[in-house]
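**Student:** Once you've had a glance at the structure underneath, I'll fire off some questions.
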Amino acid sequence: MSIASQIFYAADKHLKDKTLSLMHSCQTLIDLGCGDCQFTQQLVEHTGASTVITVDTIPIRVKYSYGHKWQSVNADLNRRLPIDDNTADIIHAGDVIEHLNDTDTFVKEIKRILKPDGYAVISTPNLASWHNILCLCLGLQPPVAMVSDEILGIEMVEADKDMPKHRRIFTPDGLYELLKHHGLNIDRMYGAGYYPFTSRLLATIDPDHAAYIIAKVRK
């Protein structure tokens, strides 16, 4: 594995571990943008949720939840979701908001389907990460704002071929402002990963420039 890959996977592992640490036992878990459902399975095992709803825009991704005793929903995350008000104890939305056009509707829907005492954990790549800032200072395209899979040599697996690319990229301040604007109460903002280092301590000390932003929010 290349050094670049090691750095990426270390940041990704930190993101997942931090996300799990922010969640407690619950009855109903909703995973918005469930992807291949591998992390969904970790969320279920960690929270002990008895009711699980996975949601994704791409039909083939929804199929990954088949075989589990989960409810699978194929829905446009830019629109109102076919989920009742006050349904979720916990909502997980990991690395999905940056792929959406209508982030206002997405956040409104998170608030609507949360139970009054529920909470959501939302994560997204950080535009203010030092590696993105350095690229901009050098006049280079930052990795978080990819313009071509072919130029980067990315081979898309079938489940990702129809996935919208990054549409709206956030800094911690930008994500905080969006969540606050729609009436969500932010427990705390966290950072995960810290390019080009693999140390988790740096993301804790300087979350504003970490590779990922994590927000834990309530109604």
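**Student:** Is there any pair with a first residue in the stretch 40-56 that is at pLDDT below 95 and a second that is β-branched (Val, Ile, Thr) and not in a helix (DSSP H, G or I) whose Cβ atoms are under 9 Å apart and which are 6 or more apart or on different chains, and what are they?
**Tutor:** Close Cβ pairs satisfying both conditions: Asp56/Val73; Asp56/Val96.
**Student:** Further question: Can you name every residue in the stretch 162-179 that is surrounded by 13 or more Cβ atoms within 10 Å (Cβ to Cβ) and farther than 14 Å from Ile214 by Cα?
**Tutor:** Hits for the stretch 162-179 are Met163, Pro164, His166, Arg167, Arg168.
Let's see how each residue does on (1) of a type in the set (A, V, I, L, M); (2) modelled with pLDDT of 95 or more; (3) more than 23 Å from Asp12 (Cα to Cα); (4) not in a loop (DSSP other than H, G, I, E, B):
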residue	(1), (2), (3), (4)
Asn86	no, yes, yes, no
Ile90	yes, yes, no, yes
Thr105	no, yes, yes, yes
Pro116	no, yes, yes, yes
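Each row is one residue, and each column tells you yes or no for (1) surrounded by 13 or more Cβ atoms within 10 Å (Cβ to Cβ); (2) among the β-branched types (Val, Ile, Thr); (3) touching a helix residue (DSSP H, G or I) at 6+ places or on another chain (Cβ under 8 Å); (4) at pLDDT 95 or above.
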| site | (1), (2), (3), (4) |
| --- | --- |
| Asp102 | yes, no, no, yes |
| Ile133 | yes, yes, yes, yes |
| Glu150 | no, no, no, no |
| Gly153 | no, no, no, no |
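**Student:** Residues of the stretch 118-148 being assigned to a loop (DSSP other than H, G, I, E, B) and of a type in the set (A, V, I, L, M, F, W, C), which ones?
**Tutor:** If the condition is that a residue be assigned to a loop (DSSP other than H, G, I, E, B) and of a type in the set (A, V, I, L, M, F, W, C), then Leu127, Ala128, Leu138, Leu140, Met146, Val147 are the ones that fit.
**Student:** Please indicate, with yes or no, whether at least one residue in the stretch 62-69 is charged (D, E, K, R), on the phi < 0 side of the Ramachandran plot and at pLDDT 95 or above.
**Tutor:** No, because not a single residue in the stretch 62-69 is charged (D, E, K, R), on the phi < 0 side of the Ramachandran plot and at pLDDT 95 or above.
**Student:** Sticking with this structure for a sec: Right, Lys161: at pLDDT 95 or above and among the basic types (Lys, Arg) or not?
**Tutor:** When the stated conditions are applied, Lys161 does not pass them.
**Student:** Just need a number here: residues in the stretch 108-127 that are surrounded by fewer than 19 Cβ atoms within 10 Å (Cβ to Cβ) and in contact with a helix residue (DSSP H, G or I) (Cβ under 7 Å, 6 or more places away or on another chain).
**Tutor:** Within the stretch 108-127, residues that are surrounded by fewer than 19 Cβ atoms within 10 Å (Cβ to Cβ) and in contact with a helix residue (DSSP H, G or I) (Cβ under 7 Å, 6 or more places away or on another chain) number 0.
**Student:** Here's another thing I want to ask about it. Here is a check on your reading of the model: is Thr28 touching a residue at least 40 places away in the same chain (Cβ under 8 Å), hydroxyl-bearing (Ser, Thr, Tyr) and touching a helix residue (DSSP H, G or I) at 6+ places or on another chain (Cβ under 9 Å)?
**Tutor:** Considered against the rule, which asks whether it is touching a residue at least 40 places away in the same chain (Cβ under 8 Å), hydroxyl-bearing (Ser, Thr, Tyr) and touching a helix residue (DSSP H, G or I) at 6+ places or on another chain (Cβ under 9 Å), Thr28 comes out as no.
**Student:** Oh, and also: On the given criteria, is Val52 part of a strand (DSSP E or B), hydrophobic (A, V, I, L, M, F, W, C) and touching a strand residue (DSSP E or B) at 6+ places or on another chain (Cβ under 8 Å)?
**Tutor:** yes
**Student:** If I filter the stretch 56-96 down to residues being charged (D, E, K, R) and either crowded, with 21+ Cβ neighbours inside 10 Å or farther than 17 Å from Gln41 by Cβ (or both), which single residue comes out as nearest to the chain's Cα centre (by Cα)?
**Tutor:** Asp56
**Student:** I need the full set of residues from the stretch 190-201 which are at pLDDT 95 or above and surrounded by fewer than 18 Cβ atoms within 10 Å (Cβ to Cβ), in order please.
**Tutor:** Across the stretch 190-201, the qualifying residue is only Leu201.
**Student:** Consider only pairs whose beta carbons are under 6 Å apart and that are at least six residues apart or on different chains; among these, list those whose first residue lies in the stretch 159-175 and is farther than 17 Å from Thr105 by Cα and whose second residue is modelled with pLDDT of 95 or more and not in a helix (DSSP H, G or I).
**Tutor:** Between residues of the stretch 159-175 that are farther than 17 Å from Thr105 by Cα and residues that are modelled with pLDDT of 95 or more and not in a helix (DSSP H, G or I), the close pairs are Thr171/Leu127; Thr171/Ala128; Pro172/Met189; Pro172/Ile213.
**Student:** Exactly one of these conditions fails for Gln42: (1) crowded, with 20+ Cβ neighbours inside 10 Å; (2) not in a loop (DSSP other than H, G, I, E, B). Give me its number.
**Tutor:** Result: Gln42 fails condition (1) only.
The values are calculated or read from the model by the stated rules, or taken from the named source; none is laboratory data. Not measured: the values here are computed from a predicted model. Please note: Cβ atoms are built from the backbone with ideal geometry, for glycine as well, and neighbour counts cover all protein chains shown.
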